[in-house]
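Novice: Pasting a structure below so you can have a look.
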Amino acid sequence: NLIYSVSKEPGHRPLERGHRMGVEELLDAEALAGYFTARAPSLGVQAVNAVDRFSSGLSSLSCRVQVVTAAGPATWVLRAEPDHGVIPPYDIGREAALLRNLHAAGLPVAEVVHVETDSAAFGRRFALMSFIEGEAYRSLDERLKDESEMREGIRRQFVETLARIHQVQDHGLPGYADGPSSARAFVAVCRRRLAETELMPRPLLRHALDV
């Protein structure tokens, strides 16, 4: 579902500094092309061909961005901080730093391409990262209905990957769980937040929080 497309030679429409970028403007390929030229010339973006917002996600504004760079076509994911949401606080700079540390440690996460920490530059703080092809599975997904072995494999990978994240030195996560009591307290916080977002029915999350 193409939301916005432009020619390969878009005009660069400047934004008024300090303007708070709305969702529709965030999906404006022409404005994004102008931003790349002015603020991130090292990316070598020659054109922004399309910007599509993902239908999934809790509250962060996440979009697929298709560009043409000096090195050829590329697909990125743009994640922008929301105005508000169900799992605050939001800090895209901290999120990007975490991803960079995990990527450097060899974990299967997206590579961060660019981070904008000045909300006045494009109306929102955001990060660009590589796009990873894959499939998303939900708890009631028909594809998993008769695949008990696959379900168990996904659960195991989820927990093992979470453990690997916490083993990374300087992973950037807060040190809430420094003992059994604090660990249980943090799990309680996670349970509350997941319940608020109606994610508790997902088997993967129940399995991870079964402590």
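The values are calculated or read from the model by the stated rules, or taken from the named source; none is laboratory data. Please read these numbers as outputs of a predicted model, since none were measured by experiment. We place every Cβ from the backbone using ideal geometry, glycine too, and count neighbours over all the protein chains shown. All accessible areas refer to the heavy atoms of the entire protein, side chains included, with ligands and DNA or RNA removed. Shrake-Rupley method; radii C 1.70, N 1.55, O 1.52, S 1.80 Å.
Novice: Just to verify a result, which residue in the range 159-174, among those that are part of a loop (DSSP other than H, G, I, E, B) and open to solvent by 100 Å² or more (accessible area, probe 1.4 Å), is modelled with the lowest pLDDT?
Specialist: Asp170
Novice: Failed condition for Glu30, given (1) modelled with pLDDT of 95 or more; (2) in a helix (DSSP H, G or I), with all others met?
Specialist: Glu30 satisfies all of (1) modelled with pLDDT of 95 or more; (2) in a helix (DSSP H, G or I) except (1).
Novice: Also, I was wondering about something else. Here's a check for you: in the range 99-118, which residue that is open to solvent by 50 Å² or more (accessible area, probe 1.4 Å) and without any contact (Cβ under 8 Å) to a residue 40 or more places away in the chain is nearest to Thr75 (Cα to Cα)?
Specialist: Per the criteria, the residue is Glu111.
Novice: Given the structure, is Arg143 out of contact with any Pro (no Cβ under 6 Å at 6 or more places or on another chain), touching a residue at least 40 places away in the same chain (Cβ under 8 Å) and of a type in the set (Lys, Arg)?
Specialist: For Arg143, the condition - out of contact with any Pro (no Cβ under 6 Å at 6 or more places or on another chain), touching a residue at least 40 places away in the same chain (Cβ under 8 Å) and of a type in the set (Lys, Arg) - is not met.
Novice: Which one of the conditions (1) open to solvent by less than 80 Å² (accessible area, probe 1.4 Å); (2) under 30 Å from Asp28 (Cβ atoms) does Glu135 fail to meet, given that it meets all the rest?
Specialist: The failed condition is (1).
Novice: Could you list, in sequence order, all residues of the range 138-158 that are of a type outside the set (Ser, Thr, Tyr) and either under 17 Å from Thr75 (Cβ atoms) or open to solvent by less than 100 Å² (accessible area, probe 1.4 Å) (or both)?
Specialist: Within the range 138-158, Asp141, Leu144, Glu147, Met150, Arg151, Glu152, Gly153, Ile154, Arg155, Phe158 qualify.
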